[in-house]
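This report concerns only the one structure given below.
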Amino acid sequence: MIAADSQKPVFRFAPSPNGPLHLGHALSAMLNHDAARATGGRFLLRMEDIDIARCTPEFEAVIYEDLAWLGLGWEIPVRRQSEHVDAYRAVLDRLRQRGMLYPAFLTRGEVKAYALAEEARGTPWPRDPDGAYLYPPTDRDRSETERTRLLQSGAKHAWRLDMRRALKSIAGPLHWIERGDGGTVEVKADPAAWGDVVLWRSDAPSSYHLSVVVDDALQGITEVIRGRDLFQATAVHRLLQTLLDLPAPTYRHHRLILDGDGRKLSKSAGDTGLSALRADGLSPLDIRRLVGL
């Protein structure tokens, strides 16, 4: 294990072991590893395995093999989100006690039906930066009596952040520091664009937004290098960091590796994994060339 040094920059690569790593993951891992080496910093590996239904030890083992084959070294032990659910629950309870959360009972189908009904009446319903309909005010505006009745009935629900109340509780606008090839800039964060985001799901303990800010703070991450597809989500992370009085890393959102149709690579779409490329005879140097390093 490499000894911790608070003066050194700390980078991390945090894949989900729910499928094989592809070229996009390789780019992100190598950028973090190379930056840590260039700055004399630390490189951590984190398994974002909070989705216990899809993440498996077999996929985790393959990730270790792929990263080692690429020539990357990381500190041990590796943090696994599935082993730290209590930490996320404690943070959730803090927000709930401050009145920042509410139980949300609508299904995705019901949210879509609500939005389409509003649009049929001539009111365009807003969508988040990923294109999904924002959650309607149905559950946020429920009385405490009705919420209690539904919770006691065992109704399936998630816990959502009351975005309006959260934003009213903080002072001033939110920003984050973004590093890029053109230098360092300050980016204005707009978490309201995401509406009342889910922080605790019924099918998995915690959500990505909640667990990632908690993990980055607990691990002392100072530099987050990740794909451009998470650029807009940083606004939500900055809000949570502010609400929870957590430190804010510096961010760099790198270009994505796209397939022949111009879409980003995806595990779920079955895009070629690193292990398959290795089996085809490619070398780590070939992978670096393929991702433009």
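Only the coordinates and a few stated rules stand behind these numbers; no lab work does. Computed from a predicted structure; not experimentally measured. Cβ atoms come from the backbone with ideal geometry, glycine included; neighbour counts cover every protein chain shown.
Here are some notes:
- Near the amide H of ALA189, within less than 5 Å, lie the amide hydrogens of LEU174, HIS175, TRP176, all on another chain or at least 5 residues away, with H placed in the peptide plane.
- Pairwise FRET efficiency - ARG149 versus LYS8, Cβ, R0 = 41 Å, nearest 0.05: 0.20
- Counting DSSP beta bridges with both ends in the stretch 176-260, the antiparallel % (nearest 5): 45 percent
- Only the Cβ atoms of Lys and Arg (+1) and of Asp and Glu (-1) were treated as charged; on that basis the dipole of the stretch 145-212 about its Cα centre amounts to roughly 400 debye.
- Overall form of the stretch 142-293 per C-alpha gyration tensor (a/c, 1.5; a/b vs b/c): oblate
- Label point 7 Å beyond Cα of ALA38 along Cβ direction - residues of the stretch 205-229 with amide nitrogen under 20 Å: 221-229
- Which of VAL111, VAL78, VAL224 has the fewest Cβ neighbours within 10 Å, and the rest in rising order: VAL78, VAL111, VAL224
- Neighbour counts of C-beta atoms inside 10 Å place THR145, THR234, THR39 in the sequence THR145, THR39, THR234, starting with the fewest.
- Debye, to nearest 20: dipole size of the chain, +1 on Lys, Arg Cβ, -1 on Asp, Glu Cβ: 600 debye
- Between SER283 and ASP130, residue separation times 0.36 nm minus the direct Cα-Cα distance comes to 51.6 nm.
- In this label model, LEU167 and LEU256 are separated by 2.5 nm, measuring between points 7 Å along each Cα→Cβ vector.
- Qualifying aspartates and glutamates (Cα of each under 16 Å from Cα of LYS8; at least 8 residues distant if same chain): ASP34, GLU75, ASP216, GLU223
- Selection of trypsin sites (Lys or Arg not before Pro), the stretch 148-208, meeting DSSP coil and at most 14 other Cβ within 10 Å: LYS156
- Taking label points 7 Å from Cα along the Cα-to-Cβ direction, VAL78 and GLU118 give a separation of 4.2 nm.
- For the chain, the longest principal axis of the C-alpha atoms and the axis of helix 85-97 are separated by about 30°.
- Positive-pole candidate from THR222, VAL187, HIS209, dipole of the stretch 96-250, charges at beta carbon: HIS209
- Under Karplus coefficients 6.51, -1.76 and 1.60, residue-wise ³J(HN,Hα) of the stretch 217-233 in Hz, glycine/proline x: 5, 5, 8, x, 5, 9, 9, 10, 10, 8, x, 4, 5, 9, 4, 5, 5
- DSSP beta bridge pairing in the stretch 135-293, given as percent antiparallel to the nearest 5: 60 percent
- For the pair SER275 and ALA90, the difference between a 0.36 nm per residue extended length and the Cα-Cα distance amounts to 62.8 nm.
- Of all DSSP bridge pairs formed entirely within the chain, close to 55 percent run antiparallel.
- Residue-averaged [θ]222 nm for the chain, counting only DSSP H segments that reach four residues, each worth -39500 (n - 2.57): -10500 deg cm²/dmol
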